[in-house]
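These notes concern the structure reproduced below.
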Amino acid sequence: MKRNIFFVFVVALLLVLPQFAGARDFFKVGVITSLSGPLATGGNVTKYGYDMWANTVNSHGGIEIQGKKYKVQLFYSDAQSEPSQAASGAERLATQEKVDFVLGPYSSGATLGAAPVLEKYKIPMITGSAESPLIWKQKFYYTFGTIPPVNFTGAGAIKTLAQLKPAPKKAVILGSNDAFSKSTAETFKEASEKAGIKVLKFSIVPQGQDLTPFMSAVKVLRPDFIGFGGHDDELINLVKALHQIDYTPKALLMHYGVTEPAFIEALGKDAEYVFGGSVWTGSLHTKSDILWKDAKSYFEDARKAFGIDVDYTHAGSTAAGIAFQAALQKINAAPPLKMEAREALIKALEDLDITTFYGRVNFATEGQFYHANVGLDPLTIQIQNGKVTLVGPENYAEAKPWYPMKPWKER
Amino acid sequence: MAETILKVDTVTKTFGGLHAVENVSFNIDIGEIVGLIGPNGAGKTTLFNVISGYYAPSKGNVYFMGEDVSGLPPYKLAIKGIGRTFQVVKPFPGLSVLDNVVIASLSRHPRRRDAEAHAWEVMKFTGLADRAQILAGSLTLAGRKRLEITKAMALEPSLILLDEVVAGLNPTEADQTIELINKIREQGKTILIVEHIMHVIMNLSDRVVVLNFGSKIAEGKPEEVAHDPAVMKAYLGEEEQ
Amino acid sequence: MGTYIKGSTIKLFALIFVALLLLPLIFRNPFSLRIATEALMWIGLAISWDVIGGYTGRVNFGHGAFFGIGAYITAILMMNWGWAFLPTLPLAGFGAGLVAFIIGFPTLRLMGAYFAIAMWSLALAFQQLALLMNITGGPDGMRLPTFLNPEFFFYLMLVMVMGTFVLLWYLMECASFGFKVRSIREDESGAMALGLNPTRIKIQAFVLSAVPAGLIGGIYAYWVSYIDPPSVFGDIITDQAIVMTILGGMGTLIGPAIGAVILFAFKTVFWAYLSDYQVLYLIILGVVIALTVFFLPNGVWGTINSYLDHRKSKKNDSLIS
Amino acid sequence: MLLLLPQALVDGILIGGVFITIAIGFSLAFGVMHIIDLAVGEWIMLGAFLGFYLTQWTNIEPLLFLPVVFAAFGIIGYFLQPVIFRVISGIKGDPVLMGLVFTFGLALIFKGTGLTIFGFYSHSIPSVFSAGSISIEIGNFYLTIPIMRFVGLAYAIIITIMLQYLLKKSNFGLAVRALAQNREASGLMGINPKKTSSYVYAIYVGISAMTGVLIGSIFSLSAQMGARYTALSFFVVVLAGMGYLAGVPWAAFLLGLIQSFFLIYFNPGYTLIAVFSILYVVLLISPKGLFGRGW
């Protein structure tokens, strides 16, 4: 009877026994991302982006290496929004599936869990959405990212705001207390101070906190704009809270979630006028000869595939695949990738400088953005007429920024 | 003159202004059986709880073997040698009878092996040995009351407080319990017993203390007390209600 | 219960221990070892939860706090004071135990849901504290040096968890402590009449429950090499330990171990090979939990056990008659 | 900053109003059946989505659907209750704990189903009330009362009063209270414990689902929202005293006021640590909830 424990144990282990992989004519691509748990929303966005890349590559017959086309096959591993599970997933993909390279997690926690393991097995990873500066400070040799960290992009939106007429002078900046949102708020604060905007109040608030009382107090301060770093439902709740207390600052700036289709869908007219930081939109002018010719065609394809208006997280994730694809072609590496090939791949990625539908992909090789993509310009967007519209910097702007914000009631 | 084992000295216990026990004093000598009687709500159980440490007296003191023990927690008193049963029986229902008794034995026999051996001895003495492996929760009421006594005995107390161990039993069971109490007395234990059934207490006790509305109204030999006018009034008064 | 350490029990433990020791030789795969290490970790968390939850009868919704405290102690000592890993472990266990000791006195007076919620809110307060302090890195968490040696962590976890198991087995099933704790669970005031000091016994059990969690937390921090407040102070640690214990059978040690292995094996296999159906996982897990509670209210081991007891007592009856 | 004091008070009470709605049904279910339902947040989630879709299809004010949502989920609750009853009335195992784990299983099933059907994204229920607020501005003195929140508070108070009335004044309430006191005895008195429990559970599930619509209007809704509200509801109910219905509003207001005062007067980052620490300390001081009246 007590043998049961042992028996169960053996069965459990037998089930996860290694499966050996021989020579093959396709690329094994591991995907570690949070498909469940608190971060599943973002995790599934990255999944769409990775799927989009894999499906499109395969519909073109695969990646062409020295005249032969190799298809790609994705092997998913759910990080469950937990660093330990990301690490476990990385170990499985590395040792059991023996993947050639990995498309990485959503969120810094999962990335920091998986990266050391991949480092050990010398498997390159590009993450399509990990915007926390934390990751790049660690200087993982095998980890890259297509979306620049928020301390690289966040300042752009503030610059755009600072050029508005009449220029905003006072700001209240707050961020939710998670790694990404906190850095967002800190970046907003630094950039504002640099631009000569006075920060009246800077607060890091607990995640998911009902901010109505806070906003009532802010209302008294009458700041020109409010900057907020947070995740999807927090952004929605904040806008609703402002509407409910009937307070319209001259401008409202948020990061990440405003370009997500759910934001506009959920808020309707209230989403109008909200500024956001981004690095890509479906209307961005990009030119490329890899898979999609420009942002628009990607946007349209994605809409056909998923029925939603995709944002930069999708695009960044797809671009992660493209970056690998381009680097592989450069070093002419056919699957399966041996250790040397993977080392060469890292070098190729470091040297990579391509333009994609997503924009320029060029990974930094030193400094605080080590291995993050610094080829992009930070963009400022605003929700105008239910659409994510580029309003800055000037050379990218499709429309003038709407300013100041129209009071909620007059919409 | 026999030695006093328990001295209750002007004990008062109030609950929010209500005097549950008021200014009660009496002594118990070693080897005695003292009955504590009184109508419902007379404060018998409260007094029991004061003596066994569940309540600290609001005023007055309790001396056990000459030592002031007022306000000591029950577990310290149990170690000192006061064993008790509960009117509402409190076995550990999820544990076997044996385990129930072993836990009590542990206070004197810290090693489990010794405690278990001791528990068997006590169970044989009280006649529970044949039911040792049953869950305490599945015992009959008589069994549970007997288990209460067994547990109290397993503490090897010098004073044992029995709170209505006969009430609710059928005549046969009651006789068995009385027999057991007599056996316990033969072992030289001192017993303070609360009981509702008059003939039980009158037959068992050497002396009787009568409480009414928290105060002592009489004390003495059973036959004397039975004819005390104050006692008769208290009981008759109760019947009238 | 009611059994001393039998020769057969010792032999069985020894057998399991040797089998586990040899495991890395059979499965030379690091992933399998990682899974085995994590399974051991969950066994440790579940049995340590059961000390206070099952044996003492205080359902603790904040067990994860001890795990998190251990993890952060190890991380802080290593990263901020440059300690080597192993010396931090005793402190991780000690820290968790100390916290249990301090909060034990006031908190353990609470009963049932009040205790559960008090501990839960305390655990969440610790999580918030870790999010706010500088020494813990706030929401950024802490990255520890990586030491990716699967065998090391497997053996360390094995020794820790087996050690905990054997110690708890001795205390709970063999020594008198198990009796005392159970009597507290059954009836505190009744226990007092038998010379037991409930406060002291509860605090002892609480510390006994916290220390292994702290030690495991310390190992976890170095093993995963990255910790942040949600991952080590999150509800998931406590939730899983409770579900595992109840599935396996509360108030026993083998029960939680079985529950931990079953749940963890299910989870791992599901995630590893069926992750396309991630949402289905929640539904299946929910169904499994609901059905188990519905049909096996004493958990898997509890049910097996009472069946065995039943058979044994039947045999005894036939002997008597 | 003293000028903000009325605002802090009002905000605290308004947050408290939302908390009441989350917790009141839960408290009722515990008080009568002694079941700790860890699926309460999922009922809120499911109710919110029903309200969301009804509003999308019809474009009618969502709060008008409250009775529909109540009825729909009341029926579900009515038929689910016997299953839960069986779990918590088993002889083996601790009934409260069994109920707790069983409903945890239910919660996982609901959440999984919710994610499958509704997806991961957050939504919002548009209500006409979310548009306005009552604003008082005299010099430096500001006071804003969001109408939506006020509606929430009103809803909370109405539900509380209705439940109190139902329990204290009606025959049904008598049966419920008898049942809460003693299940066996109530059976002898001609009360059908199973039926009464089913009605109570139906009311609880119905209220929780209606609350979902309100939450979706004030905040947002997503398939993942449940756990958060389960925790909140649990905290409020325990602070009030398990099953002590009349304590729920006060516990809710206390938690709301802690939040609003920390957000306005102190470091907002410390709001939650304050909430949890105070909750912990209050329980230590008053071990059966704020009024010592819980089970």
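The values are calculated or read from the model by the stated rules, or taken from the named source; none is laboratory data. Model, not experiment: these values are computed from the prediction. Note that we place each Cβ from the backbone using ideal geometry, even for glycine, and neighbour counts take in every protein chain shown. Heavy atoms of the whole protein, side chains included, go into the accessibility calculation; ligands, DNA and RNA do not. Shrake-Rupley method; radii C 1.70, N 1.55, O 1.52, S 1.80 Å.
Of all lysines in the structure, the ones whose alpha carbon falls short of 28 Å from that of D:Lys169, not counting any fewer than 8 places away in one chain, are D:Lys194, D:Lys195, D:Lys288.
Taking the average, over residues, of other Cβ atoms within 10 Å as the packing measure, peptides C:152-158, D:54-60 rank C:152-158, D:54-60 from highest down.
Given a 1.4 angstrom probe, what's the average accessible area per residue across chain D, in square angstrom?
Roughly 37 Å² per residue, with all protein chains present.
Within 10 Å of the Cβ of each residue in C:219-228, the mean number of Cβ atoms contributed by other protein chains is 5.
Any idea what angle helix A:150-162 forms with the longest principal axis of chain A, computed on alpha-carbon atoms, 0 to 90 degrees, nearest 10? Result, in degrees: 20. Rolling a 1.4 angstrom probe over chain D with all protein chains present gives an accessible area of which 72% lies on carbon and sulfur atoms.
In segment B:94-142, comparing the full protein assembly with the chain on its own, the residues that lose 30 Å² or more of accessible surface at a 1.4 Å probe are B:Leu95, B:Asp99, B:Ile103, B:Leu106, B:Arg112, B:Arg113, B:Glu116. Note that segment C:155-161 has calculated 3J(HN,Hα) couplings of 5, 4, 5, 4, 4, 5, 6 Hz, one per residue in order, obtained from phi through the Karplus relation 6.51 cos²θ - 1.76 cosθ + 1.60 (θ = phi - 60°); glycine and proline are x. Extension gain for C:Leu25 to C:Arg200 (0.36 nm times residue separation, less C-alpha to C-alpha distance): 58.5 nm. Here the 3J(HN,Hα) profile of segment A:276-285, calculated from phi with Karplus coefficients 6.51, -1.76 and 1.60 at θ = phi - 60°, is x, x, 7, 10, 7, 9, x, 9, 5, 7 Hz, Gly and Pro shown as x. Computed packing ranks the peptides D:114-121, B:76-83, B:218-225, A:170-177 as A:170-177, B:76-83, D:114-121, B:218-225, most packed first, by mean other Cβ atoms within 10 Å. When a 1.4 Å probe is rolled over the protein heavy atoms, the share of accessible surface on segment B:4-236 that falls to carbon and sulfur comes to 53 percent. Heavy-atom accessible surface of chain C, averaged per residue, reaches 34 Å², computed with a 1.4 Å probe. Residues whose amide H lies under 5 Å from that of A:Phe27, counting only those 5 or more places away or on a different chain, are A:Lys71, A:Val72, A:Gln73; hydrogens are built 1.01 Å from N in the peptide plane.
Put simply, the C-alpha atoms of the protein assembly as shown give a gyration tensor, and the ellipsoid matching it has half-axes of 63, 37, 25 Å, longest first.
Compute the acute angle (0 to 90°) between the alpha-carbon long axis of helix B:112-126 and the principal axis of greatest extent of the alpha-carbon atoms of chain B; round to the nearest 10°. Value to nearest ten degrees: 60. Helix C:85-107 and the longest principal axis of the Cα set of chain C meet at an angle near 60°. List the pairs from B:Lys151/B:Lys183; A:Lys139/A:Lys330; A:Lys159/A:Lys387; B:Lys44/B:Lys216; A:Lys28/A:Lys122; B:Lys76/C:Lys180 whose alpha-carbon separation is above 18 Å, in the order I gave them. Over 18 Å Cα-Cα: A:Lys139/A:Lys330; A:Lys159/A:Lys387. Each part gets one Cα centre, and for segment B:94-109 versus segment B:118-179 those centres are 13 Å apart.
With the simple spin-label model, which puts each label point 7 Å out from Cα in the Cβ direction, the C:Leu280 to B:Lys59 separation comes to 7.8 nm.
Chain pair A, C: how much accessible area is buried, both chains summed, with a 1.4 Å probe, in Å² to 100?
Numbers: alone 17300 and 16030 Å², together 28930 Å².
That pair hides around 4400 Å² of surface in total.
Taking θ as phi - 60° and the Karplus parameters 6.51, -1.76 and 1.60, the scalar couplings of segment C:288-304 work out to 4, 4, 4, 5, 4, 5, 5, 9, 10, x, 9, x, 4, 6, x, 5, 4 Hz in sequence order, x denoting glycine and proline. Working note: 222 nm ellipticity from helices only, DSSP H runs with n ≥ 4, each -39,500 (n - 2.57), summed and divided by the residues of chain C, gives -25500 deg cm²/dmol to the nearest 500. Working ranking of peptides A:139-149, A:259-269 by packing, defined as the average number of other Cβ atoms within 10 Å per residue, highest first, is A:139-149, A:259-269. Taken residue by residue and averaged, Cβ atoms of other chains lying within 10 Å of the Cβ of C:101-114 number 4. Computed over chain B, the per-residue total of -39500 (n - 2.57) for DSSP H runs of n ≥ 4 gives a 222 nm mean residue ellipticity of -11500 deg cm²/dmol, rounded to 500. Between amide H atoms placed 1.01 Å from N, distances below 5 Å from A:Glu64 occur with A:Tyr70, all of them 5 or more places distant or on a separate chain. Surface exposure of segment B:4-236, expressed per residue as accessible area with a 1.4 Å probe, stands at 40 Å². Is any helix in chain D, taking whole DSSP H runs, at least 18 angstrom long along its axis by alpha carbon and on average at least 1.0 on the Kyte-Doolittle scale, and which ones? Taking the DSSP H segments of chain D (at least 18 Å long, mean hydropathy at least 1.0), we get D:5-33, D:66-88, D:95-118, D:147-169, D:226-240, D:248-265, D:271-285. Would you please give the residues with an amide H less than 5 Å from that of A:Tyr76, counting only those at least 5 places away or on a separate chain, with H modeled from the backbone geometry? Amide H to amide H, under 5 Å and 5 or more residues apart or across chains, A:Tyr76 pairs with A:Val31.
Note on A:Gln329 and A:Lys293: with the Förster distance fixed at 22 Å, the Cβ-Cβ geometry gives a FRET efficiency of about 0.80.
The accessible-area loss of segment D:269-293 on complex formation, taken against its chain alone with a 1.4 Å probe, reaches 50 Å² or more at D:Gly269, D:Leu272, D:Ile273, D:Phe276, D:Tyr280, D:Leu283, D:Leu284, D:Pro287. The calculated FRET efficiency for the pair D:Leu3 and D:Leu284, based on their C-beta separation and a Förster distance of 25 Å, comes to about 0.10.
Suppose R0 equals 30 Å; then what is the FRET efficiency for A:Glu410 and A:Ala195 from their Cβ-Cβ distance, rounded to the nearest 0.05?
0.55
Of interest is the spacing of the C-alpha centroids, which for segment A:348-411 and segment C:84-159 amounts to 41 Å.
Chain B contacts chain C over a buried accessible area of about 2100 Å², both sides summed; the probe is 1.4 Å and only protein chains count. Per the accessible-area calculation with a 1.4 Å probe, the total area buried between chain D and chain A rounds to 3200 Å². Computed in the context of the full set of protein chains, the accessible area of segment C:128-204 at 1.4 Å probe radius has 60% of its extent on carbon or sulfur. Peptide A:109-119 is shielded by partner chain Cβ atoms: per residue, an average of 5 of them sit within 10 Å of its Cβ. Working note: 222 nm ellipticity from helices only, DSSP H runs with n ≥ 4, each -39,500 (n - 2.57), summed and divided by the residues of chain A, gives -13000 deg cm²/dmol to the nearest 500. With the simple spin-label model, which puts each label point 7 Å out from Cα in the Cβ direction, the D:Ile161 to C:Tyr273 separation comes to 6.1 nm.
Using a Gaussian network model of chain A whose springs link C-alpha atoms within less than 10 Å, name the residue from A:Met254, A:Met52, A:Met215 with the highest mean-square fluctuation. Highest fluctuation of the listed residues: A:Met215. Of all stretches in chain C that contain no trypsin sites (Lys or Arg not before Pro) in a DSSP loop with at most 14 other Cβ atoms within 10 Å, the longest one is C:29-321.
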